[in-house]
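**Student:** Got a structure here, written out as structure tokens. Questions coming.
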Amino acid sequence: MTQKRTHKSALEEVDGIDQPESIHTKSVQKIKIKRNTLPSTQVFVKKILEGDITHLSRAITLVESSNQKHQQKASEILQACLSHANNSIRIGITGVPGVGKSTFIEAFGTYLTGKGKKVAVLAIDPSSSINKGSILGDKTRMEKLVNDNNAFIRPSPSGDSLGGVAKKTRESIILCEAAGFDTIIIETVGVGQSETAVHSMVDFFLLLKLAGAGDELQGIKRGIIEMADAIVINKADGSNIDKAKLAKTEFTRALHLYPPKKSNWQPTVTTCSAIDNTGIDTIWNIIERYVAHTKSNNYFEEKRNGQNKFWVLETINNQLKNEFYNNPAIKSELASILSNVQQHKITPFDAANYLLELYHKKSGH
């Protein structure tokens, strides 16, 4: 007589061994405590000055945070790092989407690290909260630069306010300089007000253009052309080479029609191919010439001092604006006052004066 087999199928689950609750719980608690505990300001500063990327990243995260305690800690770190900053070349790079900014920055950044430079790439992208922009993908696009020990890439924070994002980028520059980065690249994702914000925090402003895009002379804002210290026709490779040369000639002629800059620098036009890695060295030579020129006539220092003054006033404006709109009395009255303006019951000027008087009264000013 055959006995029935009583063993279970190998496909059936076997009860696992329970972890001792005390060990498991303590481990999780330790991890949580470690994550939630911030190093002291002294430790942050010491590590940043040593070039520690982890502490630099954490400090920038504090700068970006809206938490009051984080802002206080960030302020202390920035104050301590300030005397170690201002020792870099700050380069702004702009251009319409599709011009090849990411590819260019990787080629340019890699060229600079190859020359022994330490390169930090920051971005101004107030639109990223809406459409995610392109900067959020830059870390995956710049694979070579991301893995370079002498490079640091930081996507911009999402934010509704250009002023807020720009302020955070400005403070991040100080931290990156204190960490030993001698070349700071500020990228702006599109064209618009962000160009003005970038221009207000860099030494050299570079405009990337495409040849044959139909906007050589008329399709780009006059203001952006006026801000540019150099115009670079990108993607000058293959069948585009002749178009790039023609665009270079047209831009060079156009630039001579603009009034001289305060720096007495004549903006330069050149071509490059980020993919073929051609013309990158020429761009760096132009920047070095510009720095030497503006330092010799004291414009370099004068511009930085002017930018510092601008950011003092800009910060005051932003702070007052935030306090006004966050005031409970203003919050409760604003919608009805705007409705009255739309219905022509009150003029915009009287409405504004009413709200300002209400703010002063309720805030005790």
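Taken together, the values in this text are just the output of simple stated rules run on the coordinates, not laboratory data. Worth saying up front: this structure is predicted, and the values here are computed from it rather than measured. Virtual Cβ from ideal backbone geometry, glycine too; neighbours counted across all protein chains shown.
**Student:** If we count every other residue with Cβ under 12 angstrom of K118's Cβ, Lys/Arg +1 and Asp/Glu -1, where does the sum land?
**Tutor:** Residues close to K118 contribute a combined charge of -1.
**Student:** Sticking with this one: Taking the number of other C-beta atoms within 10 Å as the exposure measure, put R304, R58, R154 in order starting with the fewest.
**Tutor:** Working: R304 15, R58 18, R154 21.
Least to most surrounded, the residues fall as R304, R58, R154.
**Student:** Calculate the dipole size of the range 38-84 relative to its Cα centre from +1 charges on Lys and Arg beta carbons and -1 charges on Asp and Glu beta carbons; express the result in debye to the nearest 20.
**Tutor:** 120
**Student:** Next up: Could you estimate the translational diffusion coefficient of the range 38-84 from the Stokes-Einstein equation, with Rh from the Kirkwood formula over C-alpha pairs, at 37 °C and 0.692 mPa s, in whole µm²/s?
**Tutor:** Translational D for this selection: 317 µm²/s.
**Student:** In addition: All other residues with a Cβ under 9 Å from the Cβ of A329 taken together, and with Lys, Arg as +1 and Asp, Glu as -1, what is their net charge?
**Tutor:** Every neighbour counted, the sum reads +2.
**Student:** Take peptides 178-188, 68-78 and line them up by average Cβ neighbours within 10 Å, highest first, as a rough protection proxy.
**Tutor:** 178-188, 68-78
**Student:** Next up: Just want the ordering: S102, S332, from fewest to most Cβ atoms lying within 10 Å of their own Cβ.
**Tutor:** S332, S102
**Student:** Okay, moving on. Sorted from fewest to most neighbouring beta carbons within 10 Å, what does the list C176, C272, C81 look like?
**Tutor:** Least to most surrounded, the residues fall as C81, C272, C176.
**Student:** Related question: Expressed in nm to one decimal, what extension gain is obtained for the pair L38 and T282 from 0.36 nm per residue of sequence separation less their Cα-Cα distance?
**Tutor:** Contour length minus the Cα-Cα distance gives 83.4 nm.
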